[in-house]
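Report on one structure; see the data block that follows.
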Amino acid sequence: MPTQVKQFQAESKRLLDLMIHSIYTHKEIFLRELISNASDAMDKRYYNAMQSGETGLDRSELEIGLAADKEARILVVSDAGCGMDAAELEDNLGIIAKSGSLEFKKGLESAEDIDVIGQFGVGFYAAFMVADEITVLTRKPGADKAYRWHSVGADGYTIEEAAKAEPGTEIILHIKPNAEEENYDEFLESYRLRELVKRYSDYIRYPIRMDVESSRPKTKPDTASGADAADEVLLDGADAAEEPEWETYTERQTLNSMSPLWKKHKSEITAEEYEAFYKDNFHDYEPPLKSIHSSTEGLSSYTALLFIPSQAPYNYYHKDYEKGLKLYASGVLIMEKCKDLLPDCFSFVRGLVDSQDLSLNISREMLQQDRQLKNIAKHLEKKIKSELKALMEDDREKYEKFWKAFGLQLKFALYQSFGMQRELLADLLLFQSTGSEKPVSLKEYAAAMPEGQKAIYYAGAASPEKLRTLPQAEKFTDKGYSILCLTDDVDEFLLKVLRDYEPETAEGEEQKHLAFRSIADAAADIADTEEKEELAAQIEEHKAVLEALQEKLAGKVSEVTLTNKLKSHAVCLSTKGDISLEMERVMQQQPHAGDVPIAKAEKVLEINAASPVLSKLREKYAADPSAADTYAELLYGQALLLEGFQPDDPAAFCAAVASLMA
Ligand code: ADP
């Protein structure tokens, strides 16, 4: 057979060029690609043997070999797989695999897109990132002829007949010399190869073996051989205080652990094993708060092993935090952080997904893969939610710990999705409240509502104790209504997008919609009809003085009115419409362009209709209408103080107090 140099097909040549001149930082993935090909080839060989009824092939004897020769700069990856004949060599390695690396190539227009290599791999050609010369020696089982494919890069390749004793394939790489800033030597070091196998190919189901050189103390000629003897020598050596002599020896070691933890059945895995796996793989000192192990067969088959950490990583609430799960295709790591698998609300979840429906190479249509991923992501989202809900119900203490670490993220995600994830997340929210020592869920709040309560009430405050001192809170708590205490800036915005809460109903019961209402909303009214009529009459009666006050406070409040929602306090500041004082404060703190006006709360000054202050005011106003000026200053100032704000003009406020005292 003539050894004529053949040209790579044009598309292949371009991909090859990219590999050869690759600036990709994770060149190491070439090994994963070759090992996966070897594993596939052995699968194929086994499958073919089964099909043809061939007996005598013991699958457990098949292995993948690695051998490195530092001097010659040669790395060999060998398998006992299906091998290739000349035509297959030509088809498979001369042309970008039909598998779809071509699709990959199409999407890869510039060198910046090179990152995709790590995500999906480009198969065999990845070897050109580290090798300047590649030989493939291969023989199909049962064939008499073996072939050698050889290439020194983009110039082309040759195929010629060769000799090979065992069926299977050897990929022989001549590793590039080190270049400026590029270290290729590492791919000839056994520690590095072992590391790479562990990292990317640990769960390949065939053993990956390599001869590893180690050293041990030399056994004394008079002792028996074996491991025990070596131990003895060590002890002896220590006793005799004389340095033992060392010898190097070679041992064939299996580098991969083959069976992934997640492939075992749940019942066979102990909590300690999950914990150790989590700590090893996700670099956390603390054990996970919860491990979720689930397998799904069907539209998309996958196994997921997920963990909820017990604390937020230091950079969790920082923009450089990256969410994502490890993604494996049949036990081979194809992506370190696949972010599409996790919705933002669950960005704290660590773990992995292994699916046999995903192919290692970008191959098959991207679209289909996308759909698979989306499917899996949807399942996971539901699963994580139901697990968290179960945690909330079954182990409240743990859930509260979880909530402390990640509750804020859940709230942000819910707010940012404009409440679209409401179905998913509303059940997971916890709030402090005046009604209970412990934080409550909306479901618990609704269940504890006394007869007659129509809405879920809330107020912004640093703590339930602080909340109880708000002037508006008294009448609510007197009635036995609990008030949610909103402590985070996002809280009130979140309740606005949620709009209402639909508590679970019994069968046949009508669905209730409980609105969220701020107790500081001027319209939050728990008075009965009779009380309301009475109040309307009082307002009418005090019309003149209320108008005088309002005139004095023009620009500060949009209305001055009477209320019957206060008990011991004379006055309070409420708001009308969508924006509360709290929201105004939060928005003011956000970075914003100087010339963009911030939405303002529409304030209402409400005076307690039952307060003796009101009758005094009326009296004084009748005697001297200018009394309204001092009272306006005092009442408004008080209301601000009660809400935790400063009076607009503290000096004027103090002057008014002093004049009153004098
Ligand atoms: P892919 O694995 O996506 O098909 P590759 O470029 O890695 O793409 O390989 C191309 C083809 O070469 C494979 O589909 C397979 O048919 C063949 N091949 C690669 N490595 C081996 C091997 N070790 N043994 C047998 N066939 C192989």
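The values are calculated or read from the model by the stated rules, or taken from the named source; none is laboratory data. The shown structure was predicted, so the numbers you read here are calculated from the model rather than taken from an experiment. Quick reminder, even Gly has a Cβ in these numbers, built from the backbone with ideal geometry, and neighbours come from all protein chains shown. These area figures cover heavy atoms from the full protein model, side chains too; ligands, DNA and RNA do not enter into them. Shrake-Rupley method; radii C 1.70, N 1.55, O 1.52, S 1.80 Å.
Yes/no per residue for (1) open to solvent by less than 60 Å² (accessible area, probe 1.4 Å); (2) in a strand (DSSP E or B):
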{"residue": "539", "(1), (2)": "yes, no"}
{"residue": "560", "(1), (2)": "yes, yes"}
{"residue": "572", "(1), (2)": "yes, yes"}
{"residue": "588", "(1), (2)": "no, no"}
{"residue": "592", "(1), (2)": "no, no"}
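Hey, among 300, 295, which residue is in contact (Cβ under 8 Å) with a residue 60 or more places away in the chain, among the polar types (S, T, N, Q) and in contact with a strand residue (DSSP E or B) (Cβ under 9 Å, 6 or more places away or on another chain)?
Answer to the selection: 300.
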Of all the residues that make up region 11-47, how many are open to solvent by 80 Å² or more (accessible area, probe 1.4 Å) and either among the basic types (Lys, Arg) or more than 36 Å from the chain's Cα centre (by Cα) (or both)?
3
Only one of these conditions is not met by residue 600: (1) open to solvent by 50 Å² or more (accessible area, probe 1.4 Å); (2) outside any loop (DSSP other than H, G, I, E, B); (3) under 28 Å from residue 487 (Cβ atoms). Which number is it?
(2)
Condition broken by residue 437, with the remaining ones in (1) in contact (Cβ under 8 Å) with a residue 24 or more places away in the chain; (2) open to solvent by 20 Å² or more (accessible area, probe 1.4 Å) satisfied
(1)
So residue 143 clears everything in (1) within 15 Å of the ligand (Cβ to nearest atom); (2) under 48 Å from the mean Cα position of the chain (by Cα) except one condition, right? Which one?
(2)
Yes/no for residue 633 being under 23 Å from residue 472 (Cβ atoms), open to solvent by 20 Å² or more (accessible area, probe 1.4 Å) and assigned to a helix (DSSP H, G or I):
yes
For region 69-96, what are the residues that are more than 12 Å from the ligand (Cβ to nearest atom), assigned to a loop (DSSP other than H, G, I, E, B) and surrounded by 17 or more Cβ atoms within 10 Å (Cβ to Cβ)?
73
For region 55-68, state whether one or more residues are within 12 Å of residue 169 (Cα to Cα), in contact with a Phe, Trp or Tyr (Cβ under 9 Å, 6 or more places away or on another chain) and near the ligand (Cβ under 10 Å from one of its atoms).
yes
Are there any strands (runs of 3 or more DSSP E) wholly within region 246-345 with 3 or more residues that are in contact with a helix residue (DSSP H, G or I) (Cβ under 7 Å, 6 or more places away or on another chain) and modelled with pLDDT of 90 or more, and if so which?
290-296, 302-308
Please tell me if residue 158 is among the polar types (S, T, N, Q), over 25 Å from residue 39 (Cβ atoms) and in contact (Cβ under 8 Å) with a residue 24 or more places away in the chain.
yes
Please go through region 133-186 and give me each residue that is of a type in the set (D, E, K, R), open to solvent by 40 Å² or more (accessible area, probe 1.4 Å) and in a strand (DSSP E or B), ordered by number.
133, 148, 160, 161, 170, 182
If residue 352 passes every condition in (1) part of a helix (DSSP H, G or I); (2) aliphatic (A, V, I, L, M); (3) crowded, with 19+ Cβ neighbours inside 10 Å but one, which one does it miss?
(1)
As an exercise: evaluate residue 530 against (1) open to solvent by 10 Å² or more (accessible area, probe 1.4 Å); (2) modelled with pLDDT of 90 or more; (3) outside any strand (DSSP E or B) and give the number of the one condition it does not meet.
(2)
Out of (1) open to solvent by less than 50 Å² (accessible area, probe 1.4 Å); (2) out of contact with any His (no Cβ under 8 Å at 6 or more places or on another chain), the one residue 614 does not meet is (2)
Selected residue (criterion: least open to solvent (accessible area, probe 1.4 Å)) from residues of region 419-434 that are in a loop (DSSP other than H, G, I, E, B) and at pLDDT below 95
419
With respect to residue 387, is the statement that it is over 26 Å from residue 468 (Cβ atoms), open to solvent by 10 Å² or more (accessible area, probe 1.4 Å) and in the same structural domain as residue 323 (by TED's automatic domain parsing) true?
yes
